[in-house]
Every structure is written in structure tokens, then in C-alpha cells.
Amino acid sequence: MTNSDLLASNEIDDFYRHIRGYWGHLSASLAGEDSGMLNFGYWANECPDLYTAQINFLDKIVGTLDHQGFVGQGLEIGCGIGGISIGLLKKMPATRMVAIDISPIN
């Protein structure tokens, strides 16, 4: 790993450390429940907030997989803190997920 690679890696880690609390607050439900996701979600008609959009996104993924009778393995690239993988495993526990991210702190 070169010095510039190390610097870029540190910048990415710093970025995620900086935004994690912000995203947690921004994507919390009105009841204070954290989605555990660092994404912009799926904004269906009359979607009231980011939390709901993130849950919609997860439901879209699960619906597609469940509709196809998916039982097996999945790979989430750029998982952030793993919210999609965790949510998918809660809804489809027979699935095996591998989640990877560029930032080792995630």
C-alpha cells in the first residue's frame, strides 16, 4: 500500500466516522428507531421520510428475491454499516450474506 493509498483510506474512514451520527439521526423513524442503513432509500408515492424510504428499499429487494424463491447466498458490495444485509437476514433468515466495504471501520 502506498502513502497515497493510506491517505485515501484514512480520508474514507474519517468521512464515515463524521457522517455516521448524522445519518443515524437523519434516518431515524419518528419513534426513534434507527434503520441501520446509510442509503437514500426508495421514495415511493407519499413516502414521508428517509427512514420509510430506506425500509421501502429493503422491502423492494426482499420482494424481488422472495418472489423468485431465493434461498442461498448474497453479496452486498459497499455495505456501509451493513443495514441492508442485516435487514435482509431478519426477513429471510435462510439466506447467507457476505457484506464488504472499503472502510474497515464499517
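The residue of the range 82-97 that is farthest from residue 33 (Cα to Cα), among those that are touching a residue at least 24 places away in the same chain (Cβ under 8 Å) and out of contact with any helix residue (DSSP H, G or I) (no Cβ under 7 Å at 6 or more places or on another chain), is 96. Taken over the range 14-56, the criterion of being acidic (Asp, Glu) and assigned to a loop (DSSP other than H, G, I, E, B) is satisfied by 33, 46, 49.
Pairing each residue of the range 38-67 that is under 15 Å from residue 87 (Cβ atoms) with any residue that is among the charged types (D, E, K, R), provided the two are 6+ apart or on different chains, yields C-beta distances under 7 Å for 42/60; 62/91. Across the range 1-42, the number of residues qualifying as farther than 18 Å from residue 78 by Cβ, out of contact with any Ser or Thr (no Cβ under 9 Å at 6 or more places or on another chain), at pLDDT 80 or above and not small (Gly, Ala, Ser) comes to 5. Evaluation of residue 96 against the conditions (1) surrounded by 15 or more Cβ atoms within 10 Å (Cβ to Cβ); (2) modelled with pLDDT of 90 or more shows that the sole unmet condition is (1).
Assigned to a loop (DSSP other than H, G, I, E, B), exposed (fewer than 15 other Cβ atoms within 10 Å of the Cβ) and out of contact with any strand residue (DSSP E or B) (no Cβ under 7 Å at 6 or more places or on another chain) - does that describe any residue in the range 57-69? Reasoning before the result, please.
We begin by selecting, within the range 57-69, every residue assigned to a loop (DSSP other than H, G, I, E, B); these are 68-69.
Next, only the ones that are exposed (fewer than 15 other Cβ atoms within 10 Å of the Cβ) stay: 68-69.
Going one step further and asking which of them are out of contact with any strand residue (DSSP E or B) (no Cβ under 7 Å at 6 or more places or on another chain), we end up with 68-69.
There is at least one residue in the range 57-69 that is assigned to a loop (DSSP other than H, G, I, E, B), exposed (fewer than 15 other Cβ atoms within 10 Å of the Cβ) and out of contact with any strand residue (DSSP E or B) (no Cβ under 7 Å at 6 or more places or on another chain).
The values are calculated or read from the model by the stated rules, or taken from the named source; none is laboratory data. Every value quoted in this text rests on a predicted model; they were computed, and no experiment measured them. With ideal geometry, Cβ positions are generated from the backbone for all residues, glycine too; neighbour counts draw on all protein chains shown.
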